[in-house]
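The next block holds one structure in the form of structure tokens; read it before the comments.
The values are calculated or read from the model by the stated rules, or taken from the named source; none is laboratory data. Remember, predicted model here, so these are calculated numbers, not experimental data. Positions of Cβ are backbone-derived with ideal geometry, glycine not excepted, and every protein chain shown enters the neighbour counts. We work out accessible area using only protein heavy atoms, side chains counted, and drop any ligands, DNA or RNA first. Shrake-Rupley method; radii C 1.70, N 1.55, O 1.52, S 1.80 Å.
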Amino acid sequence: MRTYIKDCFKKTGNVELNGWVHDIRDLSKIKFIVLKDISGRIQCIGIKGETSEKIFDLISKLNRESVIKIKGEVKNSKQAPGGKEVLIKDIELIAKANEQLPIDVSDHSKTELPKRLDYRFLDLHRDKIQAIFKIQSTISMAFREHFIKKGFIEFQPPSIICSSSEGGTELFSAKYFEKKAFLAQSPQLYKQMVACSMEKAMTITPVWRAEKHNTTRHLNECRQMDIEMAFADAKIVMKQIEEVVQYIVKQVIEKNKNELDLLKIKLKIPKAKYLTFKETKELMKKNKISIGKDDLTGEAEKKLNELFPDTIVFVYDWPLSGKPFYIMPKDEKENAELSEGFDAIYKGMEISSGGQRIHIPELLEKRLKSKGLNPKDFKEYIDSFRYGAPPHGGWSIGLERFTQVLLNLDNIREGVMFPRDRDRLSP
Ligand code: ATP
Ligand code: MN
């Protein structure tokens, strides 16, 4: 029966291990294999005269990253990392790796990101890369767990839609039998419909944005962690971000200690700070940082992190002109200057946008028109609020963006296994 490597450090005796050859050292009379599996690494040793000749010879012929089975005996050893090593009795070569690997997968690999992404399947052999995605798995799990515990239902929105849900953002088009269709840029309309019937909705879903820009914080396909709640205004839904982000960070600290150490990341459970857009503007003026009329600049987001480290900064009372048409104007006034929209900034980057939505069809029509959009194009959306739609609000956190921010990754592409960007459609 297979033993996982981590369990070898708790016992001695015979084991059967499956894994990858991470490293080989040949000191002529003694040969070492560093074997790795999902649970860790262990030193395995062959000794001339003790190990059978056939196996002893095979060790130096193994290529790195080949998959092997080792039968052997776990022994205490003062020199071995972790105090244990496996005396090799038999090796079975399960899958040979080519001698020349296309990228460097050692711990100190210097292969550049684009090349690594070309061979992502191999890049995923590396502990550091695995650490990122083990943490990402904790993030999405914690998100789901938190909201399920609070009585939210998880729903699955469609990914193929017939029209733009937001206006503005460019969409990828698709052929749908005789009709023209698009890939969803957000689950916006659908989550609103679920909130207006089932009150508390959450989803983790892929979205597509055909933005041509190539930045270190945008992908053309990303996953969003969304919620939408009935009878909720901006303040109520901002509080939901505060609580879930604190829960996620707590879970990552508890469950991913080894991964965080490997990535040299120290995390603290964040505090929350609430600032109006106007207060933020004044604060930036004092610090001589420029800020847009109705949007924050990247510089301003960085400054907020300097001023409030380890804090989720909520910037609310956002100018109406800087938010999508479906965001509720302040006091439900068509021509209000401010809105019920907000952004959440964490570690110097936007992690989420959200707010209270417009649930009043007439107001929605007016807001569409003042954004230069045609209400006719949004008829179905508007009509969905004509049969008993309560006030509601929600937001969206990008999963990869959040991973990038939490782990201080230079490029968002490090936080997605198989990125889709302007230039990349494979693997
Ligand atoms: P940004 O201002 O950072 O470009 P946005 O305001 O266009 O983002 P929203 O529509 O508010 O994005 O999307 C909600 C969240 O989804 C963002 O706060 C971010 O975390 C994430 N997100 C948005 N666009 C992208 C993208 N192109 N790639 C990765 N994550 C994204
Ligand atoms: Mn946004």
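Give me the residue from the range 293-326 that is β-branched (V, I, T) and out of contact with any Pro (no Cβ under 7 Å at 6 or more places or on another chain) and, out of that set, nearest to E365 (Cα to Cα).
So the first thing to find is which residues in the range 293-326 are β-branched (V, I, T), and the list is 297, 311-313, 315.
Then keep just the ones that are out of contact with any Pro (no Cβ under 7 Å at 6 or more places or on another chain); that gives 297, 313, 315.
Values: T297: 30, V313: 32, V315: 27 Å.
Here the answer is V315.
Given the conditions (1) outside any strand (DSSP E or B); (2) more than 30 Å from D410 (Cβ to Cβ); (3) modelled with pLDDT of 95 or more, and given that S28 satisfies all but one, which numbered condition is not satisfied?
Tallying (1) outside any strand (DSSP E or B); (2) more than 30 Å from D410 (Cβ to Cβ); (3) modelled with pLDDT of 95 or more, S28 fails exactly one: (3).
Starting from residues that are hydrophobic (A, V, I, L, M, F, W, C) and over 29 Å from the mean Cα position of the chain (by Cα), keep the ones in the range 269-285 and report whichever is least open to solvent (accessible area, probe 1.4 Å).
Going through the range 269-285, the residues hydrophobic (A, V, I, L, M, F, W, C) turn out to be 269, 272, 275, 277, 283-284.
From what's left, over 29 Å from the mean Cα position of the chain (by Cα): 283-284.
On the way: L283: 38, M284: 0 Å².
Ranking the candidates gives M284 first.
Where the second residue is open to solvent by less than 40 Å² (accessible area, probe 1.4 Å) and not in a loop (DSSP other than H, G, I, E, B) and the first is over 24 Å from P157 (Cα atoms) and within 8 Å of ligand 1 (Cβ to nearest atom) and lies in the range 208-222, which pairs have Cβ atoms under 6 Å and are six or more apart or on separate chains?
So the pair list comes out as R217/I412.
From Q224, Q240, which residue is within 19 Å of the chain's Cα centre (by Cα) and under 24 Å from G298 (Cα atoms)? Working first, answer last.
Details: Q240 fails: under 24 Å from G298 (Cα atoms).
The match here is Q224.
Let me confirm something: among R420, R386, which residue is over 31 Å from the mean Cα position of the chain (by Cα) and at pLDDT 95 or above?
Details: R420 fails: over 31 Å from the mean Cα position of the chain (by Cα).
Exactly one of R420, R386 is over 31 Å from the mean Cα position of the chain (by Cα) and at pLDDT 95 or above, namely R386.
Under 6 Å between Cβ atoms, which residue pairs at least 6 apart in sequence (or on different chains) link something in the range 388-400 that is over 13 Å from V244 (Cα atoms) with a partner that is near ligand 1 (Cβ under 8 Å from one of its atoms) and open to solvent by 10 Å² or more (accessible area, probe 1.4 Å)?
Within 6 Å, the pairs are G398/C222; G398/Q224; E400/C222.
Given the structure, is K6 in contact with a strand residue (DSSP E or B) (Cβ under 6 Å, 6 or more places away or on another chain) and free of Cβ contacts under 8 Å to residues at least 40 places away in the same chain?
yes
Output the residues belonging to the range 15-31 that are farther than 11 Å from L62 by Cβ and either open to solvent by 50 Å² or more (accessible area, probe 1.4 Å) or hydrophobic (A, V, I, L, M, F, W, C) (or both).
V15, L17, R25, L27, S28, K29, I30
Hand me the list of helices (runs of 4 or more DSSP H) wholly inside the range 323-427 holding 1 or more residues that are within 14 Å of ligand 2 (Cβ to nearest atom) and either over 29 Å from T215 (Cβ atoms) or open to solvent by less than 10 Å² (accessible area, probe 1.4 Å) (or both).
Numbers: elements: 361-370, 379-383, 399-406.
Of the helices (runs of 4 or more DSSP H) lying wholly inside the range 323-427, those with at least 1 residues that are within 14 Å of ligand 2 (Cβ to nearest atom) and either over 29 Å from T215 (Cβ atoms) or open to solvent by less than 10 Å² (accessible area, probe 1.4 Å) (or both) span 399-406.
Restricting to the range 192-238, and then to whatever is of a type in the set (K, R) and not in a strand (DSSP E or B), can you tell me which residue is surrounded by the most Cβ atoms within 10 Å (Cβ to Cβ)? So that I can check it myself, show each step before the final result.
The first filter runs over the range 192-238 and keeps only residues of a type in the set (K, R), leaving 200, 209, 212, 217, 223, 235.
Okay, now just the ones that are also not in a strand (DSSP E or B), so 209, 212, 217, 235.
Values: R209: 20, K212: 7, R217: 17, K235: 14.
Filtering the range 192-238 for residues that are of a type in the set (K, R) and not in a strand (DSSP E or B), the one surrounded by the most Cβ atoms within 10 Å (Cβ to Cβ) comes out as R209.
Mind checking which residues of the range 205-219 are more than 14 Å from the chain's Cα centre (by Cα) and either within 13 Å of ligand 2 (Cβ to nearest atom) or within 20 Å of I161 (Cα to Cα) (or both)?
The answer is W208, R209, A210, E211.
Tell me, which residue of the range 241-268 that is among the acidic types (D, E) and surrounded by 17 or more Cβ atoms within 10 Å (Cβ to Cβ) is nearest to Q356 (Cα to Cα)? Before you say what the answer is, go through the steps one by one.
If we filter the range 241-268 for residues that are among the acidic types (D, E), which is where we start, we get 242-243, 254, 259, 261.
Subsequent filtering for residues that are surrounded by 17 or more Cβ atoms within 10 Å (Cβ to Cβ) retains 242, 259.
Working: E242: 16, E259: 37 Å.
By that ranking, first place goes to E242.
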